[in-house]
Structure formats: C-alpha cells, structure tokens
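See structure below.
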Amino acid sequence: MKKSLKPLEDILSKNLDRAESFIHAHPKINFLFGSLFEAFDSLIRSTRETAQTQPFIRNNYDVKRFMGAVLVALAFGWVFPSIYFYGWQCVLPKLMVSFIVGVFIVDVSWAIIAREGHISEGGFVSCMFIPAILPPQSPLWLTGLGAALAILFRNILGGVGNNLVNPALFSRLFLTICFPALLVAGYQIPFVGIPDLHALRYGLDTITHATPLTAFKVNGEIPSYFSLFLGTASGSLGETCRLALILSALWLIKIKVANWRIPVSYLGSVFIFSLFFSLILGKAVAPPLFQLLSGGLILGAFFMATDPITATYNQTAKWVFGAGCGFITVLIRDFTTLPEGVMYAILLMNLLATPIQSLAVKMRYRI
Amino acid sequence: MWKEKETIGFHGGFNFLDTYLVKFCNIIEEVSSGSTPEIFKYSIPDREVKYVIVNLCPTESWELPNWAILENKTLSFLDKLGEIRVRYFPKAHFFIAINKKEDRTIAEAMNYASNAEWMKIFALDQKYPQDDPVLLTKVILGTDINFGQDTMDLGILILDAQTVSAIYESCILGNKVNSRLIAISGTGLKENEIINVQLGTSVDKVLHYRTVEAGGYRVFVNGPLRGKEISDLSQKIDWSTNNIVVLKEQDSKVMFPMLKSGELTFTTNTHGELRQCIYCNFCDSICPVDLEPALYYHSYIRGEKHKARLYNLEKCIECGLCSFICPSKLELLRINRECKALGKKL
Ligand code: SF4
Ligand code: SF4
C-alpha cells in the first residue's frame, strides 16, 4: 500500500516544487498567492530548513502540531457535544463561516497587504473559539464578524506571539458592546435523549432567554448540578458540556500544551472566594459549586486562560494569574448586574499579565 | 561501603536513548591509520584528587555504549580500577555512576562494592545531560561547580570507562595504547558500527565506504548535540573523540510528514518553520538547571542583550536542550552564547 503510493507522492511533490519556484519567479503572483501557497504547502509537506547551529538535531514538535492539538481538543470538547445538543445545522455552518471569514478572507488579505511571509496557524484556534462563545441561535453574520474582528485585532498587534489579550475574547467583548441585544437572546434549550435525524439536524426549537446564571440573578433559581455538568442546561454554544471540556482539557494538559497551574488556580480561587462570599452573604450570591459549573468558566479556565501567549511565562506567576482571574470572575458575578464575568476577568488579567510577569521575574532573580 | 540503588537526579532533561534508538552491530571492526599511530599518554594530575567519578552512564544514543567495554568484564574492570586507586589515588573516594536500566552491571558492581570500602555505586536516570560535569558533581557529591570550571579545582576527577582501561594498560602494565573504540552512527551511514580506530586516523578514512552514496550528509564529531560539525574530513581522531555521527541533510520537502515521522527524525531537518516565541514553557521545563531561556530570547530580540545576564545566564551549561525542544525553532543556544560572550567583554 505504502510502496504503491510512493510514485504518486513523488509526482505531487515535484509539481508542488514546480509551482513553488514558479510563484517565486513571478513577484506579482508571489505577492498575491505566495502566502496562501505557503500555508497549503506547509500543511502537507515538511520544511526545508536544516539546523545550522548547535544542536544539530531538533525535536519534531512544531507550532503547527501545538495548535493542531488545541484544535483536536476543541473538536472533542465542544464541537461534537454541541452537534448532539443543538444539531449540526446550528454548529457546522457557524464553524465554516468563522473559518472562511477569519482565516481565508481576513488572514489571507492581511498577509497580502502587510506582506507577511506566511499565514499563522493560530488563526484556526481563534476562529474555533468564536462560535463557541456566542449563543446557539445567534445569526451567522455575527459569527463572521466576530471571526473577522478577532483575526484583524490579532494581526494589528503583530500576529501570534505578540497579542496582548486573547483575540477571540476581545472580539466577543466588541460584539457585546455593539450588539448587546443579540448576545442575551438566542439561547436554546439543548436536546436530551436518543437523537433521531431531525434532532441531529436541528436540535430542539425551544428558545429561552435565560442561561442558568441570568436565571439565578433574576429569581435565585439553581438547576441541578448534574445537568450543568453534562451540558443539558442552556448556555453559549460551546460552554455547556463541561464533562467533554474537562476530559479534552486533561488530554491537553497531559501532552503539556496547556499548563495545569492556571486552571487549578483559577477554579480553586473561584471556589474559595465564592465560598467566602456565600458564607458572609448567604443566599444572595451563587454557591461555589454552582459557580464552578455554570457559564463559561470551564471553557475559559481550561482553554482561554491557558492560552500561553496571553498568560504569563513564569510558572510561579501563573498561579497569581489564575487566582486573579478567579477573584475577578467571582466579584463580577456576585456584585455587579452582569450575570457572567469570565470574559472580563480573563481579558483584564491578560492585560495584567505583563506586570505580573516582570514582577515575578524580578523577585526570582532579585534584580 | 555502598549506597542503595539510588535514584537521584535533576528537574528537566530529556531521554534521548529511548527517543532515538540507535542499534550498533556487535562486531567490532578495526581501522588502521596507515601511518604510525599516535600513542595515548595520560598524565596523572599533580594536584590532590579527593574524589574520582567514573562515568558509566552515557546519555546520548549515539555515544559509545557501555557493553562495548564492559561486556562480561565488569569485575575485571573494577579490579583494574582498584589497582589504579592503589597506585595513584590511594586517598580518593570512588563513585561509579551507572545507567539505572543496566541491571546486570549494577548488580555485579554492587556485589563487588560490598567488599570494597572505597567505592560507591550510583544508579542514575538515563536523562541527557546527566553526564555533564556540572550535573554529575551536583547529583553525586552535592557540590556546585560553575559551567566551564575545571573540576580538578575541587579535587574531582571524572573518568570514562575507556580512559580507565587505557590508564591501566599504559601506566600500570606499561603497554602502548594506540587505538580506541569509536561509535559511528546516523542516517547518513549504511550501518551503525563500533570500530576500533588507531589514534591519528583521519575521519575521512573511518567513513570511507560507510556513508550512503545518495544525498548529502553532514558529519558531527561527538554527537549533534554537544559536538562539533566538521567540514574538513581530514581531521584526525584523537582520544577525545567518542563518537562520530553522520546525519542526512534533509533539505528537501517530504510529503505528509505527520505519517512518516521515522523518515525525518534522525536528520538535520528542523521539522518546522521559524516562528515567534509562543510562550509554551517547553524550554524552561526541559532545562536541567532551571533557567528560563525564553527570557534570554526576549531580551535578545528587544536589543537588550546585556539584560540577559541578569537572569542567571552564567548557570547555563550549554546543553542545547532548549533549542532542541522549542516548537518555534528558535536558536536559543546561539542566543545564550552570544549574550554570555557579551557579558565577558564588559
Ligand atoms: S520553547 Fe521556544 S516558543 Fe516555547 S517558550 Fe521557549 S522560546 Fe518560546
Ligand atoms: S542550553 Fe542552557 S538554558 Fe538551554 S536548556 Fe541547556 S542549560 Fe538550560
């Protein structure tokens, strides 16, 4: 099998080589399609670079695999569960719009305009987050706009590696400010039971306006923890099935793509602070376990706060970073009129990450 | 007196022996230089030797494996060591570091050590760079030495297996030692071999007929991690040459690299493009001396090379693991060296 494919591979490889040298020989074509070709080529072929300085062998783990692992984890964490809960007609078009607008339109045109050499893999991860943090019944154009904003914002700041705050969350913040009505509506009751074809396609058509957190704000009602954990309570498209999110995040932590310190300190501090406040204030604030299992906390703590670029680099500072996220989340949820605070908490701590990092480094090296 | 099979170590490091499997064939071939070979000379240090560490724990897969010297000869090897002790270092403590996985050697050595007061056996993890002098003295003796410092300053002598045998042959028996064992391996060779080479033979002659015909290759003396690349193959082999690695220069693209990692692994390819640092923490979790190499990188690209020295840069033992692991393929080791060199000038 492998042997018989070898000649085919060779032919393909040769043609790709030819295409590459053709593109490089014509500056105008290179200007328009160079980076697109690079991106496609680098997906299916290895690189040409060899190590020129010591050490002369390098590990075969690169950024592409790193981002690929996050994509796989997200697919198992929210895409498959939400296809079950809301039907594929709700999930797949959103994902497609997000990828097409974010990566293939904005990122490619940015690469052309700014004359970047390549298209970054990080765009896929950001675009995968966008539908997950919007309500299930939000219009498609909102997803597209969100993806465009996220990628544009990231590129303006200098691309992957330079983004100050999580681009996906930033664009969600932008959408919240511009279209507040759209982001509190469109929550759907998830489908439960053995799915038939209709359910797999559309899910249930019951629209609700309340996520468990808003419901709690309004009348103090708490759904069963079990339904929150399995994802049968309403919420944003990708945040509901906490079980799947936790499992895939554990896999990410095991292969060291996500750092375990941040989720541990984030969830731990949410638990501690909400316990503290509910001991003092009683029923007026949400109890700890409900806080842990509701809203975007699990998705945020395991996937967004752990985004290595926007968190701190120093390992000790990561504890502070996570604890800060948790504290702000609880403050917003308990003492403001906003039902959910994860987005604000992570964005705020992203901004604070730089001073925390430099302080931690100063303390560690005594300078 | 002997220590229980102890597992002590350091944080970080990388297990090369299991990642890059290099199998050597059992037959040891001879290569002669064709001219008068050089003679191995060992000058016994004139300073007082308090500790002798015998390093039987190679941590790179392409290094000369222990069995080539010790196979079925552990006891006679230890006897030789004993005689060297009596003759030259009567007051010194001997520490023998053996790879934790080599159960038989450890058992034999422990058995021997139970009657020999003067030596202790240490079973160490086969993690690179366990055999670096800085880590070896830290793990075994608990003493800190600086990178690049001569261990003899503290009265510590580090020997490898082959040097011990050669000292015995030349200094005690009075024989002439004019050849040594060398491991040659890599994807640029037809076969991985262990050869007995006369000192003074050129690398060219050793690799003759042994390299693959097609495609380019690059030659590294003492391994691609810590060793040097040599372009001039007429260089002569001396006692410090432990191994020669010939790697295929993989400078063309390969289809579907995800499916055939084996084909690319042991080559000079970087397996990815140069990207910006993504703060993934791979480099600081692999660093054997707990540094944070990304800090140096960021000082460097901000144009503040002098700042790198503030972050304990002088502790870096230049093992190269940070460059090896970095998914963004940054040249961290080169940056470390550049920043260090700047520090010396100031
Ligand atoms: S391994 Fe490379 S990309 Fe990762 S933090 Fe270190 S320097 Fe940055
Ligand atoms: S080269 Fe230096 S900084 Fe890099 S891993 Fe080795 S000791 Fe650490």
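The values are calculated or read from the model by the stated rules, or taken from the named source; none is laboratory data. Computed from a predicted structure; not experimentally measured. Neighbour counts run over all protein chains shown; Cβ positions are idealised from the backbone, glycine included.
A compact table of results
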{"read-out": "Listing of helices (runs of 4 or more DSSP H) fully contained in the range B:195-310 that carry 3 or more residues being surrounded by fewer than 17 Cβ atoms within 10 Å (Cβ to Cβ)", "value": "B:261-265"}
{"read-out": "Tally, over the range B:261-306, of residues that are closer than 30 Å to residue B:219 by Cβ, facing another protein chain (nearest Cβ under 7 Å) and among the polar types (S, T, N, Q)", "value": "5"}
{"read-out": "Where a residue in the range A:290-312 is at positive phi and its partner, wherever it lies, is part of a helix (DSSP H, G or I) and more than 16 Å from ligand 2 (Cβ to nearest atom), with Cβ under 8 Å and at least six apart", "value": "A:295/A:212; A:295/A:213; A:295/A:333; A:295/A:342"}
{"read-out": "Qualifying position, being touching a helix residue (DSSP H, G or I) at 6+ places or on another chain (Cβ under 7 Å), of a type outside the set (D, E, K, R) and within 16 Å of ligand 2 (Cβ to nearest atom), among B:244, B:317", "value": "B:317"}
{"read-out": "Any chance residue A:89 is in a helix (DSSP H, G or I) and not β-branched (Val, Ile, Thr)", "value": "yes"}
{"read-out": "Only one of A:307, A:334 that is among the charged types (D, E, K, R) and within 16 Å of ligand 1 (Cβ to nearest atom)", "value": "A:307"}
{"read-out": "Residue check, residue B:237 free of Cβ contacts under 8 Å to residues at least 60 places away in the same chain, in contact with a helix residue (DSSP H, G or I) (Cβ under 7 Å, 6 or more places away or on another chain) and more than 12 Å from chain A (Cβ to nearest Cβ)", "value": "yes"}
{"read-out": "Flag if residue B:91 is in contact with an Asp or Glu (Cβ under 9 Å, 6 or more places away or on another chain), surrounded by fewer than 20 Cβ atoms within 10 Å (Cβ to Cβ) and part of a loop (DSSP other than H, G, I, E, B)", "value": "yes"}
{"read-out": "Some residue of the range B:325-340 being closer than 26 Å to residue A:160 by Cα, in a loop (DSSP other than H, G, I, E, B), more than 23 Å from the chain's Cα centre (by Cα) and among the hydroxyl-bearing types (Ser, Thr, Tyr)", "value": "yes"}
{"read-out": "All positions within the range B:259-309 that are within 13 Å of ligand 1 (Cβ to nearest atom) and over 21 Å from residue A:312 (Cβ atoms)", "value": "B:270, B:272, B:273, B:274"}
{"read-out": "Qualifying residues in the range B:310-320 (those that are in contact (Cβ under 8 Å) with a residue 40 or more places away in the chain and farther than 16 Å from residue B:331 by Cα) - the one nearest to ligand 1 (Cβ to nearest atom)", "value": "B:315"}
{"read-out": "Single match in A:212, A:223 (criterion: within 27 Å of residue A:182 (Cα to Cα), at pLDDT below 90 and touching a Leu at 6+ places or on another chain (Cβ under 8 Å))", "value": "A:212"}
{"read-out": "Test: residue in the range B:118-132 that is in a helix (DSSP H, G or I) and of a type in the set (Val, Ile, Thr)", "value": "no"}
{"read-out": "Hey, residue B:338 more than 7 Å from chain A (Cβ to nearest Cβ), more than 16 Å from ligand 1 (Cβ to nearest atom) and of a type in the set (Asp, Glu) or not", "value": "no"}
{"read-out": "Residue match in the range A:209-219 (condition: of a type in the set (Gly, Ala, Ser), without any contact (Cβ under 8 Å) to a residue 40 or more places away in the chain and crowded, with 17+ Cβ neighbours inside 10 Å)", "value": "yes"}
{"read-out": "Residue match in the range B:50-64 (condition: without any contact (Cβ under 8 Å) to a residue 40 or more places away in the chain, assigned to a loop (DSSP other than H, G, I, E, B) and out of contact with any helix residue (DSSP H, G or I) (no Cβ under 6 Å at 6 or more places or on another chain))", "value": "no"}
{"read-out": "Within the range B:107-117, considering residues that are in a helix (DSSP H, G or I) and among the hydrophobic types (A, V, I, L, M, F, W, C), the one surrounded by the most Cβ atoms within 10 Å (Cβ to Cβ)", "value": "B:109"}
{"read-out": "Single match in A:76, A:37 (criterion: surrounded by 13 or more Cβ atoms within 10 Å (Cβ to Cβ), more than 7 Å from every other protein chain (Cβ to nearest Cβ) and either under 22 Å from residue A:161 (Cα atoms) or at pLDDT 85 or above (or both))", "value": "A:76"}
{"read-out": "Members of the range B:65-77 found to be out of contact with any Lys or Arg (no Cβ under 9 Å at 6 or more places or on another chain) and either part of a loop (DSSP other than H, G, I, E, B) or surrounded by 20 or more Cβ atoms within 10 Å (Cβ to Cβ) (or both), listed by number", "value": "B:65, B:66, B:70, B:71, B:72, B:73, B:77"}
{"read-out": "Within the range A:21-34, considering residues that are within 18 Å of residue A:47 (Cα to Cα) and modelled with pLDDT under 85, the one surrounded by the most Cβ atoms within 10 Å (Cβ to Cβ)", "value": "A:34"}
{"read-out": "Some residue of the range A:230-237 being at pLDDT 90 or above, surrounded by 16 or more Cβ atoms within 10 Å (Cβ to Cβ) and outside any loop (DSSP other than H, G, I, E, B)", "value": "no"}
{"read-out": "Residues located in the range B:8-62, provided they are of a type in the set (Asp, Glu) and within 18 Å of residue B:99 (Cβ to Cβ)", "value": "B:18, B:60"}
{"read-out": "Test result for residue B:144, farther than 26 Å from residue B:229 by Cβ and in a loop (DSSP other than H, G, I, E, B)", "value": "yes"}
{"read-out": "Residue B:46, sole failed condition from (1) free of Cβ contacts under 8 Å to residues at least 24 places away in the same chain; (2) assigned by TED's automatic domain parsing to the domain that holds residue B:168; (3) part of a loop (DSSP other than H, G, I, E, B)", "value": "(2)"}
{"read-out": "Among residues of the range B:152-175, those that are crowded, with 18+ Cβ neighbours inside 10 Å and over 18 Å from residue B:239 (Cβ atoms), counted", "value": "1"}
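Listed here are the residues, each with its yes/no results for (1) within 25 Å of residue A:80 (Cβ to Cβ); (2) part of a helix (DSSP H, G or I); (3) of a type in the set (Gly, Ala, Ser); (4) touching a Cys at 6+ places or on another chain (Cβ under 7 Å).
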position	(1), (2), (3), (4)
A:108	no, yes, no, no
A:112	no, yes, no, no
A:125	yes, yes, no, no
A:173	no, yes, no, no
A:201	yes, yes, no, no
A:210	no, no, yes, no
A:213	yes, yes, no, no
